[in-house]
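Here is the structure we will look at, set down as structure tokens.
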Amino acid sequence: MREVEAWEAIQEDLLSVSRSLESPISSRCTTCHVEGETVTYRCRECGPCVVLCDTCVTETHRNSLHLPEHWKNSYYQKWPGSTSLIQEHQRACKSRYLKEVKVFDHSGRLRYLEVMFCECESEPCTLVRHGLWPATAEKPQTAYSITLLELLLSLSMECQVSVEGFCNAMRWKNSLYLSEVNTLYKGLVGEAIARFRHHYFRQRTFRDLCPQLDDGTSCPACPKNGQKVVLLDGNFGLVRKASSGVSVGKPLHGARMFVPDQDIQAYLQANSDSSVPHEVIE
């Protein structure tokens, strides 16, 4: 009861503070400390109390995926400035070239950004350096924020959120257009995201650096010593049909989840229905 009363006592103050943050909180730039009418920008991703002038908002967000806002006509509007992603070594690279890329940022919003590439590495690798995942393996025209994809993987694994549900959640949270949501959904169910899942798995397990590490299939509860009894439960609802099709490429996770079909066929041919196990446990 005391906690409820304490919250009721401050709820109006909290609401008042939240409303005050929807207008400029200061006329002094957080970065250069200049004061004046040019200090009309804010960036909530830089911090809730960050206010910026014309010069500083341009300099600090030239190579950033943040979304600054400009106070104009008594409300905050989208920052009209442009963003160009460039690596430091590319400023002097003779093989550099600029290319416009459609980017779904961490909020799921579709943006058109200028990205600097060069012949020192492939375009997909350059996008990964900027925290973006390419939609195609060659000459990508679209990319997705890795932060956005990591959130999708976490929610789908832990909360069983569907891709459609995830896209709708991004829409309501960040006020996305329906066209943005539809385009985002089409991209998140493609091959690029399947490849990102595998990339994320390999990056987290460090199996490429040390093969002795656990790849996620070892059970910590299984006994390591003594006699072991293996119990098998057939999944009779999982039908194996040739009409299901053939995978275009090799399984990304190898035999971690499913045994290769040729191994199953070889076992069935070598063991008839009348055969019995070599060891019988009484």
## Note on the structure
Flagged in the range 120-164 as out of contact with any Lys or Arg (no Cβ under 8 Å at 6 or more places or on another chain), of a type in the set (D, E, K, R), in contact (Cβ under 8 Å) with a residue 12 or more places away in the chain and under 21 Å from Glu88 (Cα atoms), in numbering order, are Arg129
### Query
Of these, Arg204, Arg195, Arg171, which one is within 26 Å of Pro140 (Cβ to Cβ), at pLDDT 80 or above, charged (D, E, K, R) and in contact with a helix residue (DSSP H, G or I) (Cβ under 6 Å, 6 or more places away or on another chain)?
Arg171
### Task
Mind counting the residues in the range 29-46 that are under 27 Å from Tyr144 (Cα atoms) and more than 22 Å from the chain's Cα centre (by Cα)?
2
### Message
Condition first: in a strand (DSSP E or B), within 23 Å of the chain's Cα centre (by Cα) and not polar (S, T, N, Q). Now tell me which residues in the range 77-92 satisfy that.
### Response
Leu85
### Enumeration of residues in the range 48-76 that are more than 22 Å from Arg111 (Cα to Cα) and part of a loop (DSSP other than H, G, I, E, B)
Pro48, Cys49, Val50, Cys53, Asn73, Ser74
### Task
Quickly run through the range 78-110 and pick out the residues that are buried (at least 17 other Cβ atoms within 10 Å of the Cβ) and among the charged types (D, E, K, R).
Asp105, Arg109
### Query
Do we find a residue being under 23 Å from Glu100 (Cα atoms), of a type in the set (Val, Ile, Thr) and buried (at least 21 other Cβ atoms within 10 Å of the Cβ) anywhere in the range 124-147?
yes
### Message
Looking at Thr147, Thr142, can you tell me which residue is assigned by TED's automatic domain parsing to the domain that holds Lys186 and under 16 Å from Glu191 (Cα atoms)?
### Response
Thr142
### Query
Only one of (1) touching a Cys at 6+ places or on another chain (Cβ under 7 Å); (2) closer than 30 Å to Thr142 by Cα; (3) crowded, with 16+ Cβ neighbours inside 10 Å fails for His70. Which number is that?
(1)
### Message
Is it the case, given these coordinates, that Ser26 is exposed (fewer than 14 other Cβ atoms within 10 Å of the Cβ), more than 24 Å from the chain's Cα centre (by Cα), assigned to a loop (DSSP other than H, G, I, E, B) and touching a residue at least 24 places away in the same chain (Cβ under 8 Å)?
### Response
yes
### Query
Since Leu65 meets every condition but one in (1) of a type outside the set (Ser, Thr, Tyr); (2) surrounded by 15 or more Cβ atoms within 10 Å (Cβ to Cβ); (3) at pLDDT below 90; (4) more than 28 Å from Leu188 (Cβ to Cβ), which condition does it not meet?
(4)
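The values are calculated or read from the model by the stated rules, or taken from the named source; none is laboratory data. Source: prediction; values computed, not measured. Cβ: placed from backbone, ideal geometry, glycine included. Neighbour counts: every protein chain shown.
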